[in-house]
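Have a look at the structure below before the remarks.
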Amino acid sequence: MGAATTEDSSSNEVTNISGTAYTAGGATLTRSGVGLTGTTAFTDFSDVTYTSASFTANGAMIYNTTTGTSTGTTDSVAIIAFGGDKTASNGTFKIEFPANDATAAIIRLA
């Protein structure tokens, strides 16, 4: 995944292993706020937690499930790199989104 990734794909997705908390397609994000400071608009999402998880991931994609319906695709919104492989072995795997403000929010438009 990178700058050329324009839509969601199951390619390289975490495998849906029996007994893990992850399901194909990932989690549905819950927007936890929208704001505007000066000329910067921003939004944030609630953290995503998988319990009793056993998998390794090195990134995530935020994608829009309401676009591309005529072709069966979904448009990517953001690619998140974890900075290397992150592993949970029958434990908690948590994606923590940064503070919801004009300098740290995961999605900012200036």
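The values are calculated or read from the model by the stated rules, or taken from the named source; none is laboratory data. The model shown is predicted, which means the values in this text are computed figures rather than measured ones. Reconstructed Cβ throughout: ideal geometry from the backbone, glycine too, with neighbour counts over all protein chains shown.
Kindly establish whether Ala88 is at pLDDT 85 or above and either outside any strand (DSSP E or B) or in contact with a Phe, Trp or Tyr (Cβ under 6 Å, 6 or more places away or on another chain) (or both).
For Ala88, the condition - at pLDDT 85 or above and either outside any strand (DSSP E or B) or in contact with a Phe, Trp or Tyr (Cβ under 6 Å, 6 or more places away or on another chain) (or both) - is not met.
Within segment 11-66, how many residues are exposed (fewer than 14 other Cβ atoms within 10 Å of the Cβ), charged (D, E, K, R) and either at pLDDT below 85 or not in a strand (DSSP E or B) (or both)?
1
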